[in-house]
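All remarks here apply to the structure that follows.
The values are calculated or read from the model by the stated rules, or taken from the named source; none is laboratory data. Since this is a predicted model, take the numbers as computed values, not measurements. Positions of Cβ are backbone-derived with ideal geometry, glycine not excepted, and every protein chain shown enters the neighbour counts.
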Amino acid sequence: MKTYSQKGTEIKREWWVIDASSMPLGKLAVVIADKLMGKSKVTYTPHIDNGDYVVVTNAKNIVVTGNKMTKKMYYRHSGFPGGLTELKLEEVIEKDPSRAIREAVKGMLPKNKLAAERMKRLRIFDGAEHAHAAQNPKEIK
């Protein structure tokens with residue numbers, strides 16, 4: 001029996017929709033990263049990007065446990081001396097709710113050439129409405 005290796009021409013992508021208010025941020029990111037990588041498919045091949053599209057709704061209503069709303073920090077640096085900017089999770093959600101989900105998912109993807117393409121297939125919407133109804137996305141429970 002030979003090991004199966006998927007080819008680029010055999011890729012079939014599906015669309016999935018998930019509600020961000022249905023589970024905590026970390027568990028949500030795990031499910032999304034799994035779909036983006038294609039690990040839930042039988043045809044998973046590590047060096048081929050055979051993942052699916054994921055649409056996330058209700059990004060404003062992210063659920064976190066414990067004191068993460070006030071204790072979890074997001075950092076970025078301008079590159080200049082003293083250019084460190086710190087934001088709490090609640091401030092990030094007020095400013096741009098999709099950033100918290102995007103950074104959580106990005107941290108769970110492998111750091112390789114395929115990561116940027118996988119992140120492009122992640123679509124995040126603040127409310128319950130999304131613009132991808134024509135693709136007939138399946139719902140993740």
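Just checking, how many residues over the range 42-66 are in a strand (DSSP E or B), crowded, with 19+ Cβ neighbours inside 10 Å and either out of contact with any strand residue (DSSP E or B) (no Cβ under 8 Å at 6 or more places or on another chain) or of a type in the set (A, V, I, L, M, F, W, C) (or both)?
Taking the range 42-66 as the starting set, the residues that turn out to be in a strand (DSSP E or B) are 53-57, 63.
So of that shortlist, the ones also crowded, with 19+ Cβ neighbours inside 10 Å come out as 54-57.
Cutting the leftovers down to either out of contact with any strand residue (DSSP E or B) (no Cβ under 8 Å at 6 or more places or on another chain) or of a type in the set (A, V, I, L, M, F, W, C) (or both) gives us 54-56.
So the count comes out to 3.
Yes or no, residue by residue, for (1) of a type in the set (A, V, I, L, M, F, W, C); (2) at pLDDT 95 or above; (3) closer than 30 Å to ILE48 by Cβ:
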{"residue": "LEU87", "(1), (2), (3)": "yes, yes, no"}
{"residue": "GLU91", "(1), (2), (3)": "no, yes, no"}
{"residue": "ALA100", "(1), (2), (3)": "yes, yes, yes"}
{"residue": "GLU103", "(1), (2), (3)": "no, yes, yes"}
{"residue": "PRO110", "(1), (2), (3)": "no, yes, yes"}
{"residue": "ARG121", "(1), (2), (3)": "no, yes, yes"}
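Any residue that is assigned to a helix (DSSP H, G or I), under 14 Å from TRP16 (Cα atoms) and without any contact (Cβ under 8 Å) to a residue 60 or more places away in the chain - is there at least one of those in the range 125-138? Taking every residue of the range 125-138 in turn, at least one turns out to be assigned to a helix (DSSP H, G or I), under 14 Å from TRP16 (Cα atoms) and without any contact (Cβ under 8 Å) to a residue 60 or more places away in the chain.
Against the numbered list (1) outside any helix (DSSP H, G or I); (2) free of Cβ contacts under 8 Å to residues at least 60 places away in the same chain; (3) surrounded by 14 or more Cβ atoms within 10 Å (Cβ to Cβ), TYR75 comes up short only at (3). Filtering LYS27, LYS68, LYS35 for residues that are among the basic types (Lys, Arg) and without any contact (Cβ under 8 Å) to a residue 12 or more places away in the chain leaves a single hit, LYS27.
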